[in-house]
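**Student:** What follows is a structure written as structure tokens; I'll ask about it next.
The values are calculated or read from the model by the stated rules, or taken from the named source; none is laboratory data. What you see is a predicted model, and the numbers here were worked out from it, not measured in a lab. Note that each Cβ is placed from the backbone with ideal geometry, even for glycine, and that neighbours are counted across all protein chains shown. Heads up: the accessible areas ignore ligands, DNA and RNA and are worked out on the full protein's heavy atoms, side chains in. Shrake-Rupley method; radii C 1.70, N 1.55, O 1.52, S 1.80 Å.
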Amino acid sequence: MPDPLVHIEQIADQIVEYCKALVRIPTVNPPGDHYEDLCQYLLTTLQGLNCQVELVRVPSSRAEELYPWGKDYPRVSVIGRYLGSRSQRAGLHLSGHFDVVPPGKGWTKDPFQPVLEDGKLYGLGISDMKGGIASILGVIQTLADLRIELSGDLTFSFTPDEETGGHGGVGYLAEQRLIQADYGIITEPSQPHLVKIGHRGVLWVEFVTRGKTAHGSVPYKGINAFEKMVKIALGLQELEKRLHKKQTAFPVIEPEQRHPSLMIGGVVRGGVKTNVVPDECFLSIDRRLIPEETVQEAYAEIQEVIARLQNEDPELRVDLSTPLRIEPAHVPIDHLLCTTVATSHEEIYGKSPQRVISPGFADSHYLVRNLGIPTITYGPGTISMAHAPDEYIIPDDLVKATQVLTRVALQLLA
Ligand SMILES: [Zn+2]
């Protein structure tokens with residue numbers, strides 16, 4: 001049999017073409033545009049690569065609950081399996097999200113017309129993570145071209161909505177139990193030289209304080225909702241200092257990431273006019289959890305702060321809501337999946353990768369926590385490019401990551 005890794009070098013141009021074709025379909029989320037077009041492209045491509053594929057559609061009756069910001073845009077995913085497998089024993093699952101964030105300011109190139117310049121291939125979402133999807137297509141094409149027979153099943157999913165929490169994407173597939181596997185890899189950008197064995201959790205909390213309006217010349221007649229919010233913000237700052245004493249035992253990318261974090265004031269709103277006592281004030285916080293914490297514990301700490309403040313100030317009225325709650329998720333660092341990816345990376349890149357907990361979350365928690373599938377993130381592209389203007393990927397990186405993923409598939413499913 002020809003060497004699969006050499007074959008990948010020979011089809012390098014094709015992998016780059018996949019990547020470009022994906023970038024040209026502007027799957028911007030929110031609201032969740034052109035998902036059907038992209039799925040159609042994947043269906044056609046995969047049908048030519050010895051795969052069984054199907055489209056999974058989230059019923060529109062679930063829109064309000066799962067994607068209220070894009071109700072008029074259908075949520076569709078592609079799932080399937082490579083047919084050249086001797087058994088249907090659950091094996092390896094490869095997954096990637098195809099939604100991209102809206103292009104921010106600062107682009108000097110057309111975000112949806114990929115161009116190669118100075119060895120960099122530019123395009124919106126090319127690192128995060130259409131490059132990763134192209135790599136999965138490269139793995140499957142290699143298996144199909146060389147008619148490789150696996151003894152375990154290779155399955156895949158391509159999903160929307162990761163950039164908004166994944167509820168209409170991997171979350172829905174997990175809820176419907178449409179994914180079965182012994183191992184999972186989400187091919188999010190992880191270069192240079194990282195294997196993300198898990199991610200931190202996240203808890204978003206929104207606070208709305210209630211007061212009473214009065215004329216600005218007689219403020220003592222009102223209750224100032226902004227001043228109430230200041231108390232909360234100061235209480236949260238104190239909590240942030242205490243959180244800094246907690247430390248994870250897991251390896252992280254930068255030393256600051258050892259601690260939980262609490263970012264206050266991503267959104268602050270309140271008041272209507274300079275001479276009116278504000279009767280309402282809004283504040284949001286973004287709390288990130290180390291793997292040793294749970295969302296419930298993190299929320300309880302915040303509620304304690306509020307309870308203490310309300311004890312001191314009976315006039316403090318505040319409503320709390322938690323629009324995003326995602327538990328931390330990880331795979332043991334010495335799990336066969338982690339070691340296989342690490343040794344494969346070292347063989348292809350000539351450098352041993354670091355196994356780390358990612359500061360931001362990915363869709364892997366749905367697979368790890370809801371389905372019990374050990375899942376890591378590993379793929380081409382750099383995370384620093386994600387959501388950045390003039391996002392690019394290095395084509396050689398695309399090829400190398402495809403080689404690593406192919407080697408992993410061959411090792412785990414031999
Ligand atoms: Zn991503």
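**Student:** Sorting check: for 146-154, 310-318, which peptide has the highest mean count of neighbouring beta carbons within 10 Å, and how do the rest follow?
**Tutor:** In decreasing order of mean packing, 146-154, 310-318 become 146-154, 310-318.
**Student:** How would the chain be classified by its alpha-carbon gyration tensor: rounded, prolate or oblate, with rounded meaning a/c under 1.5 and the a/b versus b/c comparison settling the rest?
**Tutor:** prolate
**Student:** To continue, here is another question. Just need the relative contact order of the chain here, percent rounded to a whole number, with Cα pairs under 8 Å and 6+ apart.
**Tutor:** Details: 946 pairs, mean separation 99.3, N = 414.
Once normalised by length, the contact order is 24 percent.
**Student:** Hey, how many Å between the Cα centroid of segment 271-348 and the Cα centroid of segment 1-26?
**Tutor:** After rounding, the separation between the Cα centres reads 40 Å.
**Student:** Okay, moving on. Using the basic label-point model (7 angstrom from Cα toward the beta carbon), what is the Thr274 to Arg210 distance in nanometres?
**Tutor:** Output for this residue pair reads 3.1 nm.
**Student:** Over segment 238-304, what is the relative contact order in whole percent, taking alpha-carbon pairs under 8 Å and six or more residues apart?
**Tutor:** Relative contact order here is 29 percent.
**Student:** How many percent of DSSP beta bridges within the chain run antiparallel, rounded to 5?
**Tutor:** Values: 46 of 68 bridges.
Taking every DSSP beta bridge within the chain, about 70 percent pair in antiparallel fashion.
**Student:** Could you list which residues have their amide H under 5 Å from that of Asn224, counting only those 5 or more apart in sequence or on another chain, with H placed in the peptide plane?
**Tutor:** Lys212
**Student:** Provide the per-residue ³J(HN,Hα) series for segment 220-235, in order, calculated from phi with Karplus coefficients 6.51, -1.76, 1.60 and θ = phi - 60°, each as a whole number of Hz, with x at glycine and proline positions.
**Tutor:** Computed from phi, the couplings for segment 220-235 are 5, 7, x, 10, 7, 5, 5, 5, 5, 5, 4, 4, 5, 4, 5, x Hz.
**Student:** Something else: Comparing Arg75, Arg258, Arg308, which has the greatest mean-square fluctuation in the GNM of the chain with Cα pairs linked when under 10 Å apart?
**Tutor:** For the chain, modelled as a Gaussian network with Cα springs under 10 Å, the answer is Arg308.
**Student:** Whole-Hz ³J(HN,Hα) for each residue in segment 168-173, computed from phi via Karplus 6.51 cos²θ - 1.76 cosθ + 1.60 with θ = phi - 60°, x for glycine and proline: what do you get?
**Tutor:** x, x, 4, x, 5, 4
**Student:** For the chain, which whole-number percentage of the solvent-accessible area (1.4 Å probe, protein heavy atoms only) is attributable to carbon and sulfur atoms?
**Tutor:** 50 percent
**Student:** Amide H neighbours of Leu83 under 5 Å, counting only residues 5+ apart in sequence or on other chains, H built in-plane at 1.01 Å?
**Tutor:** Hits under the 5 Å cutoff: Cys51, Gln52.
**Student:** Just to check I understand the Karplus step: with θ = phi - 60° and J = 6.51 cos²θ - 1.76 cosθ + 1.60, what whole-Hz values come out for segment 324-335, glycine and proline as x?
**Tutor:** 9, 9, 10, 6, x, 8, 7, 10, x, 4, 9, 4
**Student:** Now, a different point. Under a point spin-label approximation (7 Å from Cα along Cα-to-Cβ), what is the Lys105-Glu256 distance to one decimal in nm?
**Tutor:** For Lys105 paired with Glu256, the spin-label model returns 2.2 nm.
**Student:** Taking the alpha-carbon centroid of each part, what is the distance from segment 36-68 to segment 151-165 in angstrom?
**Tutor:** Centre-to-centre (Cα) distance: 11 Å.
**Student:** May I ask for the net charge around Glu64, where only other residues with Cβ less than 14 Å from the Cβ of Glu64 are counted and Lys, Arg are +1 while Asp, Glu are -1?
**Tutor:** Charge balance in the 14 Å sphere: +1.
**Student:** Check which residues have an amide H placed less than 5 Å from Gly270's amide H, if you skip close sequence neighbours.
**Tutor:** Phe282
**Student:** Which of these, Ile15, Ile394, Ile232, has the largest mean-square fluctuation under a Gaussian network model of the chain (Cα springs below 10 Å)?
**Tutor:** Ile232
**Student:** If you roll a 1.4 Å probe over the heavy atoms of the protein chains, what accessible area per residue do you get for the chain, in Å²?
**Tutor:** 42 Å²
**Student:** Also, I was wondering about something else. Quickly work out the Val230-to-Gln303 label distance, labels modelled 7 Å from Cα along the C-beta direction, and quote it in nm with one decimal.
**Tutor:** My value for the distance between the label points is 2.9 nm.
**Student:** Decide, for segment 201-326, between rounded, prolate and oblate: order the square roots of the alpha carbon gyration tensor eigenvalues as a ≥ b ≥ c, take rounded if a/c falls under 1.5, and otherwise choose prolate if a/b is larger than b/c, else oblate. Show your work: numbers first, answer last.
**Tutor:** On the way: a/c = 2.77, a/b = 2.41, b/c = 1.15.
Because a/c hits 1.5 or more and a/b exceeds b/c, segment 201-326 counts as prolate.
**Student:** What does the highest-first list of 126-138, 277-289 look like by mean Cβ count within 10 Å?
**Tutor:** In decreasing order of mean packing, 126-138, 277-289 become 126-138, 277-289.
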